There are 2 protein chains.
Amino acid sequence: MTGKIKRFLIGRPMKSNELEGEKLGKLKALAILSSDALSSVAYGTEQILIVLILAGAAALWYSLPIALAVLALLAILIVSYRQTIFAYPTGGGAYIVAKDNIGKFSSLIAGGSLLVDYILTVAVSSSAGTDAITSAFPVLHDDRVLIALAMIVFLTLMNLRGVTESASVLAIPIYAFVVSIFLLIIIGTINYFTGGAPAAAPQMEATISNVSLFLLLKAFSSGCSALTGVEAVSNAIPNFRDPAPKNAAATLVMMGLILGAMFTGITLLAYWYGIRPDEKATVISQIAEATFGRGWMYFMIQGVTAIILFLAANTAYSAFPLLAFMLAKDKYLPHMFMVRGDRLGFSNGIIFLSVMSAILVVVFEGNTDSLIPLYAVGVFIPFTLSQLGMMIRWIKHKPKGWQGKLVVNTIGMLTTLSITLIFVFTKFAQVWVVFIFLPIVVYLFAKIHRHYENTADQLRIDLAVDKPCVKGNTVIIPVSGITQVVRNTVSYAKTLSDSVVAVYIGFDDESIRKMEEKWEEWDPGIRLIVLKSRYRSIMRPLRKFIDTVEWKKGEQDNITVLIPQFITKHWWEAVLHNQTSLMMRAYLLNYKDVIVTTVPFHLHK
Amino acid sequence: MTGKIKRFLIGRPMKSNELEGEKLGKLKALAILSSDALSSVAYGTEQILIVLILAGAAALWYSLPIALAVLALLAILIVSYRQTIFAYPTGGGAYIVAKDNIGKFSSLIAGGSLLVDYILTVAVSSSAGTDAITSAFPVLHDDRVLIALAMIVFLTLMNLRGVTESASVLAIPIYAFVVSIFLLIIIGTINYFTGGAPAAAPQMEATISNVSLFLLLKAFSSGCSALTGVEAVSNAIPNFRDPAPKNAAATLVMMGLILGAMFTGITLLAYWYGIRPDEKATVISQIAEATFGRGWMYFMIQGVTAIILFLAANTAYSAFPLLAFMLAKDKYLPHMFMVRGDRLGFSNGIIFLSVMSAILVVVFEGNTDSLIPLYAVGVFIPFTLSQLGMMIRWIKHKPKGWQGKLVVNTIGMLTTLSITLIFVFTKFAQVWVVFIFLPIVVYLFAKIHRHYENTADQLRIDLAVDKPCVKGNTVIIPVSGITQVVRNTVSYAKTLSDSVVAVYIGFDDESIRKMEEKWEEWDPGIRLIVLKSRYRSIMRPLRKFIDTVEWKKGEQDNITVLIPQFITKHWWEAVLHNQTSLMMRAYLLNYKDVIVTTVPFHLHK
């Protein structure tokens, strides 16, 4: 039954050798890898305006110089990530770069913050996608959490099915998004200059007394959220067509140009039209409405924005399970993240990502604005570590022209570090939780690692020396009466050993006497030992009895406890029977050095 | 850890022979057994008024004749239950009377509706107790569900601890309640006649055009909720001091008189003071406020009302687990309801009752008025069946003076049957769910019974004929590598049989080749069989292999699967390892006729 539902939702199991990705050309790669970065324009400008409006509408003109600074930062990131691409042609995420060049500890910080960040990507993108939908249909505003959760469920199923083959399909909405936004920018600009649209730009260069440096830095750091996602290309180099690094670098530059152009355009339009942030309508929605009215172009733009945000969430679904796999392979995360599911995806990583991001969406009530600061700070920590790693690499290896490269990465590192610090400084109230959470994650990584190392030590075998060694066997059968189940178990016990004993635990003298009489009458050729339990506990007397046997026979014998168990025909019938045998098994296995055997007796009706 | 918390909350385990109740005198019995019945005055009058107010304030005078009818019904119930007490001196709940005299089917209906009813008792009483509190402190009105749930949690803990010893303590609040209500009635009456209180009684005998017979019947059936709980005495006869039936009968009559007097008094006061039902203040609260103002007497009355409702819920905690025990003993409910916990109470019944009533409180948002109709109809079904059973008994056994007794029970049966029908007729929209639910419960009873009968048939053994019979033994060890765990298991396997085989399931040729080489090098004296799984499933190839072995050896050998398992030092470390062995065990036990042995290897760090 559950098998059939699973088959319907995620498809038939796939053979291991069906695992083969097609290689990506530049344009297709751009489509698949850029959705996270490009989708950031859906909220980047808005984030700046939300901060500036605190100082009054007249302060909104500061969005222009701030946008310039963001663009400069984008350029720095693109240039330095180009260098990473050429240095790590097999894929250089922050985790690998930090592990390779800085050390274990930094790599764990990078890995941990990236994992958290992918979770936030899903939460932010599904919330922001929901915003795009509810801006168009305000009546849905109260169902935001539900819509975002539905998105996450859909993404989960899609990814459990495996979506690698559908690359070409994904390209369409991305290009539709790019074209729509450029159309919006062009027509919006024309309208503005021909006076066809209401012009309400605040006076530029008005000096606003209450605009502090703090506020400007805060607005700048908010704007940096538009840069999240630019690292995606450097992780995916092996998927590119040859020459992979060159194609990847070209794709990265293209992406940077498109992102910069869109961000500039949206910010200018928002300024010209005097857009103010509104909880119920996104900035993009307001610009689109001012430009086109609520016509089909408006709904088209909201639609593709929602879809691209949806796809941005989807990129986390490829990145998270892969990073979790790498961490699990290095023994920092549970093995289960290494298991491929029926459809060859890392199902456990996919499911974990979905559950965590769904929790975030529920806790933050789908509120994009409270999620984005966490998201952005989570991105800039690995950015910084990755740059630092590259710096160390250049100094260590000193390849041709390393000085220039070092300068680039040093500038990159200093910039991203500054932004991280600005985040902490200006938005501490919103981002402090990251600095509690990250050390916990790293601690867990270390703890898990130590456990795996310890386990491996204890399990390791010397093939030449450690041979099997044979001991004797003493068998104990706990019985609660004389039934076919017990007969079945006693029969089996007699095949194992000549040293078999049955144990009966009675709660009163009467039942004990009866049992002894019946056993004598049955005479199965095995001794019965009776114990009395005044506290109605079965485990306590049994444990004491096993202790005694261990003490007497433990040296020369294995001690086996045979548990007679009847198996009901239908699983739900099991609730009708006491689960003593299960508890007994769990207890004995965990706390005593005995072997536990379940001898089943199948009921047929 | 959990052990310590449990110990702190519910106390140390008790020995079986500590199970001994003290016998009750009349006054103490009255205190313990009457809380359910007496507490009904906290909502009985209100229920009548809620219906009448629908026809306008002038219709409220009809509460007086309706109260008279309820009193008559009370008299009938008391007289007929006296007869049951003498006929069933060992306790005659509706389940037993119906089982004894009518038949299995009726007894299951009686038992099912009583179980449901006890759940509703807890839900109604904790909600009504909360109403008493929030009437006094309106600021708590929004936290009603939480308060009611806290009450249920407290009751659960108290009952898991075992409260039988505290009978004398329970008597105090009950008598405090009775005294307070009588004081309220007396002083309220004096105030009314001396004109000290605002008199706002509606004109009596005003003919209200829109009062239909339907409305009056509905109001009457609502008022019958004041009678819930009168059956408690007849269930508890064995707890009385000798002569038990006589003392029980006297207690029943006393309880009836007190209940009748309180109900009459409250209804009269409500009429005199022109009280109208109010969602935020109970009728008792309004009367007390009108009589005493918001002084200490007012808060005293609200306090004892809350406490007695709390105790009423507590009676369900003695009745439900006992009835569940009886049904389980007759094989209509799972055995687990027969197990006594550490403190000798039927813990499973207590916990089940709490969970179900908590669900009801949450679903109905602690709304007393929607719960009471369900509650009342659930009470009158077993009332009717119990009376019918007594009628049949008199006709069958024909003891001295049986004709008179038959008449009494026939009148009782017809009255309670009529009230049940009036409920269905006037409140179908509120009570229909009972008539869906009850057949389901009875169906489940029957289904559970059949399962137990079938199981017993299959487990039964003929001591003279069915002796153990010995077969051979073939052992299969699934291995995933060569480790100390495997060595340990192979060592054990060699003690069991000479026919042992290890099975390795590889996902690719490379890993299979390596495993074969290592096995050869290790040379443990056991053959290794390798299987390839292209779908990364371990279960499928293993199952096929076992099928083959079964087909070859099943006739003369038991087939034992040894599962090598390492046990982590801390239980939570288990999440770090694949739980394949658990799944394997569950699958093999349920679907194959093999014996499953877990050979543990304990990790020490």
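Just a few scattered comments:
- Take each residue of peptide B:566-577, count the partner chain Cβ atoms within 10 Å of its Cβ, and average: the result is 4.
- Rg/Rh for the stretch A:385-469, where both radii come from Cα atoms and Rh is the Kirkwood radius: 1.28
- Rounded to the nearest 0.05, the FRET efficiency derived from the C-beta distance between residue A:501 and residue A:400 at R0 = 60 Å is 0.15.
- Sequence-distant residues sharing a close amide H with residue A:530 (under 5 Å, placed H): A:504
- Computed over chain B: relative contact order in percent, which uses C-alpha pairs under 8 Å that are six or more apart: 21
- Note on chain B: with charges restricted to the Cβ of Lys and Arg (+1) and Asp and Glu (-1), its dipole about the Cα centre is near 1200 debye.
- Loop-resident sites, the stretch A:461-555, for GluC sites (Glu not before Pro), counting at most 13 other Cβ within 10 Å (DSSP): A:555
- Proximal charge balance of residue A:477 [Cβ under 13 Å; K/R count +1, D/E count -1]: +3
- Interface area, chains A and B: about 7100 Å² of buried accessible surface, summed, with a 1.4 Å probe and ligands, DNA and RNA left out.
- The apolar share of the surface of the stretch B:284-360, taken as the fraction of accessible area on carbon and sulfur atoms (1.4 Å probe, ligands and nucleic acids excluded), comes to 72 percent.
- Remark: spin-label model distance residue A:425-residue A:463 equals 6.1 nm, labels positioned 7 Å along the Cα→Cβ axis.
- Cβ-based net charge around residue A:319, under 10 Å, with every Lys or Arg adding one and every Asp or Glu removing one: -3
- Helix B:283-292 vs. chain B, principal-axis angle (Cα, 0 to 90°, nearest 10): 50
- Peptide B:462-468, shielding by other chains (average Cβ, 10 Å cutoff): 6
- Here's the picture: charge each Lys and Arg Cβ at +1 and each Asp and Glu Cβ at -1 in the stretch A:390-532, and of A:411, A:529, A:519 the one pushed furthest to the positive end of that dipole is A:411.
- Cα centroid of the stretch B:538-560 to Cα centroid of the stretch A:231-283, whole Å: 60
- Exposure ranking of A:604, B:451, B:570, A:449 by accessible area [1.4 Å probe, largest first]: A:604, B:570, A:449, B:451
- Backbone amide hydrogens, once placed in the peptide plane, bring residue A:599 within less than 5 Å of A:563, A:565, excluding anything fewer than 5 places away on its chain.
- Trypsin sites (Lys or Arg not before Pro) within the stretch A:377-476, DSSP loop, no more than 10 other Cβ atoms inside 10 Å: A:400
- Structural descriptor for the stretch B:490-605: relative contact order 24 percent, calculated from alpha carbon pairs under 8 angstrom and at least 6 residues apart.
- Rounded to the nearest 10 Å², the accessible area of residue A:283 at probe 1.4 Å: 0
- Over the stretch A:25-181, relative contact order from alpha-carbon pairs under 8 Å, at least 6 apart, %: 25
- Candidates per trypsin sites (Lys or Arg not before Pro) in the stretch A:222-291, loop by DSSP, up to 15 other Cβ within 10 Å: A:241, A:280
- Our analysis of chain A gives Rg over Rh at 1.14, with the two radii drawn from alpha carbon positions and Rh computed by the Kirkwood formula.
- All Cα-Cα separations within the protein assembly as shown were binned at 20 Å from zero, giving a P(r) of 9, 27, 28, 27, 8, 0, each value a whole percent of the pairs.
- With every protein chain in place and a 1.4 angstrom probe, the accessible-area ranking of B:551, B:522, largest first, reads B:551, B:522.
- Modelled label positions at residue B:137 and residue A:540, each set 7 Å beyond Cα in the direction of Cβ, lie 4.1 nm from each other.
- The stretch B:313-372 and the stretch A:436-453 have Cα centres lying 44 Å from one another.
- Tilt relative to chain B, helix B:580-591 - C-alpha long axis, 0 to 90 degrees, to 10: 80
- For the peptide A:105-115, the mean number of other protein chain Cβ atoms found within 10 angstrom of a residue's Cβ is 0.
- Computed E for residue B:587/residue A:279 - FRET, C-beta separation, R0 45 angstrom, nearest 0.05: 0.30
- With all protein chains in place and ligands, DNA and RNA left out, the 1.4 Å accessible area ranks A:583, B:326, A:390 as A:583, B:326, A:390, largest first.
- Between the listed residues A:478, A:499, A:465, the Cα displaced farthest toward the positive end of the dipole of the stretch A:404-510, a dipole computed from Cβ unit charges relative to the Cα centre, is found at A:465.
- Each of A:133, A:265, A:94 was placed along the dipole of chain A (beta-carbon charges, centred on the mean Cα), and the one lying farthest toward the positive end is A:94.
- With 0.36 nm allotted per residue and the present C-alpha distance subtracted, the residue A:602-residue A:548 stretch has 16.2 nm of extension available.
- With K and R counted +1 and D and E -1, the other residues having a Cβ less than 12 Å from that of residue B:515 yield a net charge of -3.
The values are calculated or read from the model by the stated rules, or taken from the named source; none is laboratory data. Predicted, not measured: the structure shown is a model, and the values here were computed from it. For neighbour counting, all protein chains shown are included, and Cβ atoms are generated from backbone atoms with ideal geometry for every residue, glycine included. When the accessible area is computed, the model is the full protein with side chains, heavy atoms only, and any ligands, DNA or RNA have been set aside. Shrake-Rupley method; radii C 1.70, N 1.55, O 1.52, S 1.80 Å.
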